[in-house]
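Novice: Quick one: this structure, given as structure tokens, is what I'll be asking you about.
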Amino acid sequence: MLTVCIYIYVCYMSHIWFLQSNHLRQQLYVSSSQRTNNRKEFCKLKTGVLVGIGNPLLDLEADVPPEFLKKWKLKEDDAVLCNDKLIPMFFDLVDNYKVQFIAGGSTQNSLRVAQWMIGKPHSVTYFGCIGGDHFGHVLRVKAEEVGMNAVYQIRPKEKTGTCATCIVGQSRSLCAHLAAANLFSVDYLELQENWKLIEKARYFYVAGFFMSSCLPAIYKIAEHADNASKYFMMNLSATFICSTMKEHFVRLFPYIDVLFGNEKEAFEIAKALGFESQCLKEVVICIANIEKASNRSRLVVVTQGPKPGACSKRIRCRSLPTNVSSIRAALVMRLSEDSCHSSLLKEASKNALVRAYGHRRLFCNVPDVRCLICAIITEPVGQLVAD
């Protein structure tokens, strides 16, 4: 009902010509037939088709001024691991700012969205390590809410990991205190009941952040995917991961079928591997053509915040537009009905500010927003991986 009201209001303020634009009408609504077809494709997926492994964290999200980042020597659009000097920052954040506690962790966020989009219960399985505390219970409940199969290794004496998400305008800075998340063991993955879940899956997703937690588990999954002709997907996660984990990336790259990252991470990993260029297209193509163990070509997807992303396979590189309809922009950005003036909405849609905003939000509840992972594991939706 609210969506309809906003739509009528925007049409009125934008005059009759707004209604006569077929292009905008197509932006505002996904046709029912397309939705039905997508749902049919999702329903074809088997239970447990996608497995992810990562650091389950409880996110402490708050809007802060630039001075807060300067005080704690944090950078915008960056991610770091917590050290002794940064522990007091968590108390500063909770004591002086309005904090939201949200179930998070890079991989877990992506998989929750994938599970939510697929809709079929337990299509997605997630491995990670949590503590035996209330925060760990919260993460389990949030996973169950969307039907995700969370197979947590529990360390009763440890605390569940946390991540400070400091939001400055359209940018954000992350500081992760891994705690129990850093204690995942490959032995837990090798348990008979858990390995059956690995054997059942066809797609695997791991964030680079997890490389500091349990590399043996990543290697084991990557090798299994290669031996069984399955798909192994990774996310570069952060520039410091790209620079400090160079040797491990060199070992993993032959197994990576799909690689995600932003432009800073793409330039950093290319530099670490000995290829320097100021042209994103050249860098993306270079990464896509790093030697692989299988005959499958590698797909590389690089985002640029609100700007169009880049996608490369073999020697081709194309732009990935981030245009979002005005109505969805308003909904995701949580604008009030009074704020939905046509000029504001058109500007939000034009610049795709909603995408940058969505990047720092941890779970999007707007229907029909495409998840790249879902796009890859479904056909014919997954045209990105087609030659």
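Any read-out appearing in this document is the output of simple, stated calculations on the displayed coordinates, not a laboratory observation. All values derive from a computational prediction rather than experimental measurement. Glycine gets a Cβ as well: all are built from the backbone with ideal geometry, and neighbour counts include every protein chain shown.
Novice: Distance between Cα centroids, the stretch 72-90 to the stretch 188-226: provide it in whole Å.
Specialist: Cα centroid of the stretch 72-90 versus Cα centroid of the stretch 188-226: 29 Å apart.
Novice: Another question, if that's okay. Run down the lysines and flag those whose C-alpha is under 18 Å from the C-alpha of Lys264, throwing out any fewer than 8 positions away in its chain.
Specialist: Lys75, Lys246, Lys281, Lys307
Novice: Provide the convex hull volume over Cα atoms per residue for the stretch 110-243, in Å³.
Specialist: Looking at the stretch 110-243, the number lands at 130 Å³ per residue.
Novice: Hey, if you drop one equal point scatterer on each alpha-carbon of the stretch 171-240 and run the Debye formula without solvent, what base-10 log of I(q)/I(0) do you get at q = 0.17, 0.18, 0.21, 0.24 Å⁻¹?
Specialist: Listed by q, the Debye log ratios stand at -0.69, -0.76, -0.97, -1.16.
Novice: How about Lys46: which lysines have a C-alpha closer than 25 Å to its C-alpha, ignoring those fewer than 8 places off in the same chain?
Specialist: Excluding near neighbours in sequence, the set is Lys120, Lys142, Lys196, Lys200, Lys220, Lys230.
Novice: Counting only DSSP beta bridges with both residues in the stretch 91-217, what percent are antiparallel, rounded to the nearest 5?
Specialist: 50 percent
Novice: Looking at the stretch 48-127, what % of its DSSP beta bridges pair antiparallel, to the nearest 5?
Specialist: The answer is about 55 percent antiparallel.
Novice: Rounded to the nearest 5, what is the percent of antiparallel bridges among the DSSP beta bridges in the stretch 108-171?
Specialist: 10 percent
Novice: Using per-residue counts of other Cβ atoms within 10 Å, averaged over each peptide, order 83-90, 238-245 from highest down.
Specialist: Going from most to least packed, we get 238-245, 83-90.
Novice: Let me ask another. Which peptide among 260-270, 94-104, 185-195, 278-288 comes first, and what is the full order, when sorted by highest mean count of other Cβ atoms within 10 Å?
Specialist: 260-270, 278-288, 94-104, 185-195
Novice: Let me ask something additional. Given Cβ point charges of +1 (Lys, Arg) and -1 (Asp, Glu) and nothing else, what value in debye, to the nearest 20, does the dipole of the stretch 46-125 about its Cα centre take?
Specialist: In total the dipole reaches around 380 debye.
Novice: Which order do peptides 152-164, 69-81 fall in by mean Cβ count within 10 Å, highest first?
Specialist: Output ranking for 152-164, 69-81: 152-164, 69-81.
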